[in-house]
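Here the structure comes first, spelled out in structure tokens, and everything after it is commentary.
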Amino acid sequence: MTQTRPHWIDPEIGESLRDFPDFDFSAENLPVMRSGTMFEPQSAPDIDRVELTTEGGDVALSVLRLADSPDEPPVLYWMHGGGMVIGNRYMDDARLIEWCRLLGCVCVSVEYRLAPEAPYPAPLDDCEAGLRFIVEHARDLQIDPRRVGIGGRSAGGALAAGLALRCRDRSDVPVAFQYLEYPMLDDRGLTPSSQLEGLRMWSRESNAFGWRSYLGDRCGTDDVPADAAPARATELSNLPTTFINVGTADCLRDESIDYAARLCRSGVPTELHVYAGAVHGFDLFAGCAVARTAARDSTDWLARQFGSDRGR
């Protein structure tokens, strides 16, 4: 049965939401939303930025690293969010720059094509092409190809999880870990949280629009591949070590929890964090206690994957 009221929201986040605009993802609103999410690259005196493209110039990549980066640092290969339909590779620059500093890693952000103009598999193909490029050019980039992890938030989490499945099945690109922040994993909308009404930031209607844009007429049918909607994967063994976080006031809550539980049952080392009262995209409210806690948890986990003491 559809729940008609939103889940409890953390009071600090609720206060922050008072003056925050509603996000209503729809075909009518898409042009305006896109015009407001054409982010510019951020710079910092201690960070070197290199802009690259894959062979043929098909996929653009931003490579961020400390100016005094150690030899052959590990890599976080990043896919931005935006419901599959908005955003660009610069939108998480501030977060990636901070991780470069805290973890001593290189962060690479990929510019994938957006739906509905470029539906599945185009965005995932772009992400795969970018990952293959940095691994194949590891010597030129002076990175450690054995320590390349993949990550993303929301739609980027869907792409990261789908990419992990592809890399496992093809066995030709090593992936050290997958880091998934409140990931979109299931197009079917069958879980209780996916039916919640009145949620802020990412509503059930916006979620449905994102999936329809990405999958087209396949959405909700039996004709959806596992790497398109990873919750549909029937075999999760041999996937890389995984981190998943999500808030309780997020329509993606249950599919994130279910995916983490299935990974655990499949023998995949998995860490799950569920934050009470947190909405989708709650990291935007960085001053709130729950967002600060989540940031520490994320940095600590990444530091452990990279074998770094810098983030602890």
- Query: Can you spot a residue in region 91-107 that is within 23 Å of residue 157 (Cα to Cα), acidic (Asp, Glu) and assigned to a helix (DSSP H, G or I)?
  - Reply: yes
Screening 180, 190 for residues that are out of contact with any Leu (no Cβ under 9 Å at 6 or more places or on another chain) and part of a strand (DSSP E or B) leaves only 180
Scanning region 277-312 for residues that are farther than 11 Å from residue 13 by Cα, at pLDDT 95 or above and either open to solvent by 40 Å² or more (accessible area, probe 1.4 Å) or among the charged types (D, E, K, R) (or both) gives 292, 293, 295, 296, 297, 300, 304, 305
Filtering region 204-230 down to residues that are open to solvent by 20 Å² or more (accessible area, probe 1.4 Å), out of contact with any Pro (no Cβ under 6 Å at 6 or more places or on another chain) and closer than 20 Å to residue 34 by Cβ yields 205, 208, 209, 212
- [ ] Check region 147-164 and report whether any residue there is closer than 26 Å to residue 65 by Cβ, open to solvent by 10 Å² or more (accessible area, probe 1.4 Å) and assigned to a helix (DSSP H, G or I).
- [x] yes
Residue 202: passes all of (1) assigned to a loop (DSSP other than H, G, I, E, B); (2) free of Cβ contacts under 8 Å to residues at least 40 places away in the same chain; (3) under 30 Å from residue 300 (Cα atoms) but (2)
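A quick yes/no check of all residues on (1) part of a loop (DSSP other than H, G, I, E, B); (2) acidic (Asp, Glu):
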{"site": "28", "(1), (2)": "yes, yes"}
{"site": "38", "(1), (2)": "yes, no"}
{"site": "56", "(1), (2)": "no, no"}
{"site": "64", "(1), (2)": "no, no"}
{"site": "72", "(1), (2)": "yes, yes"}
{"site": "82", "(1), (2)": "yes, no"}
Of (1) over 18 Å from residue 225 (Cβ atoms); (2) assigned to a helix (DSSP H, G or I), residue 126 satisfies every one except (1)
Per the filter on region 205-255, residues in contact with a Gly (Cβ under 9 Å, 6 or more places away or on another chain) and in a helix (DSSP H, G or I) are 206, 207, 208, 209, 210, 211, 212, 213, 214, 230, 253
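The values are calculated or read from the model by the stated rules, or taken from the named source; none is laboratory data. Every value quoted in this text rests on a predicted model; they were computed, and no experiment measured them. Every residue, glycine as well, gets a Cβ built from its backbone with ideal geometry; the counts of neighbours run over all protein chains shown. Ligands, DNA and RNA are stripped out before the accessible areas are found, and what is left, the full protein with its side chains, is counted by its heavy atoms. Shrake-Rupley method; radii C 1.70, N 1.55, O 1.52, S 1.80 Å.
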